[in-house]
Amino acid sequence: VYTFEWSPIGSLTNPSIPNPIAFPNFTTEYILTVWSNGCPSYGDTLRVIVNTNPTVDAGPDIDRCWGDAAELQGLAGGVPGGSGFQYSWTPTAGLSDPTIRNPIATPLQTTTYYLSVLSDSGCASPIDSMLFTIRPTPIAEAGPDIVYCPGSGDLFAGGSYSWNNNVVPGDLFNVNV
């Protein structure tokens, strides 16, 4: 019959079983001592390395005219000694490269972009978002084409138009500018 003794016990589900579940908040070394016939074993050490999740910031919201491009300002951090991050932007439509920190975005419509990051130790960040707003673009409407024959009258620009030569009163037309 064996008796199991794990220490420290604070972050273990049950320090008296062979395989307790550990949930430390930081890297911790656990020592297992097994007892049999009243005699202890030499302690064996198990190190649980806790990596931190990276932090992520998708950057400020952007406001542009339709067709204008802008660089997204993604940022990751919060991993002591962390050197590499894998960036993932979604949706990918309108992005120059959804796997880099600062892709160029040219969306066709207002789009919420989401950024997540994976650290070099395999820990995932929470997801952050930013809004790329496409400002309404005015539509110029000059009106229908006008056929004009030289000598048939004067053509004036702007607002309502009237013809003075050989025009019956009341024959007016409008051109929207």
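The values are calculated or read from the model by the stated rules, or taken from the named source; none is laboratory data. Just so it is clear, the model here is predicted, and its values are computed rather than measured. Neighbour counts are summed over all protein chains in view; Cβ atoms, including those assigned to glycine, are modelled from backbone coordinates with ideal geometry. Surface accessibility is based on the protein's heavy atoms, side chains included, excluding ligands, DNA and RNA. Shrake-Rupley method; radii C 1.70, N 1.55, O 1.52, S 1.80 Å.
Before moving on, here are some points about what is shown:
- The range 1-108: trypsin sites (Lys or Arg not before Pro) falling in loop per DSSP and having at most 13 other Cβ within 10 Å: none
- Where only C-alpha atoms are counted, convex hull volume of the range 1-143 per residue in Å³: 126 Å³
- Scattering curve values for the range 1-83, log₁₀ I(q)/I(0), Debye with Cα scatterers, q = 0.23 Å⁻¹: -1.06
- Heavy-atom surface analysis with a 1.4 Å probe gives the range 23-136 a carbon and sulfur content of 55 percent of its accessible area.
- Label-to-label distance, nm, for residues given as Thr33 and Phe4 (7 Å Cα→Cβ offset): 1.7 nm
- If the Kirkwood radius is taken over C-alpha pairs of the range 50-129, then at 10 °C and 1.306 mPa s the Stokes-Einstein diffusion coefficient equals 123 µm²/s.
- At the residue level, Cys39 shows approximately 80 square angstrom of accessible surface with a 1.4 angstrom probe and all protein chains present.
- Per residue accessible area in Å² of the range 22-142, where ligands, DNA and RNA are left out and the probe is 1.4 Å: 62 Å²
- Counting Lys and Arg as +1 and Asp and Glu as -1 over every other residue whose Cβ lies under 15 Å from the Cβ of Asp128, the net charge comes to -1.
- One chain, two ends: Asp120 and Ile49. Fully extended at 0.36 nm per residue, the span grows by 24.1 nm beyond their Cα-Cα distance.
- Residue (of Ala76, Met130, Ala142) at the positive-pole extreme of the range 1-151, dipole from beta-carbon charges: Ala76
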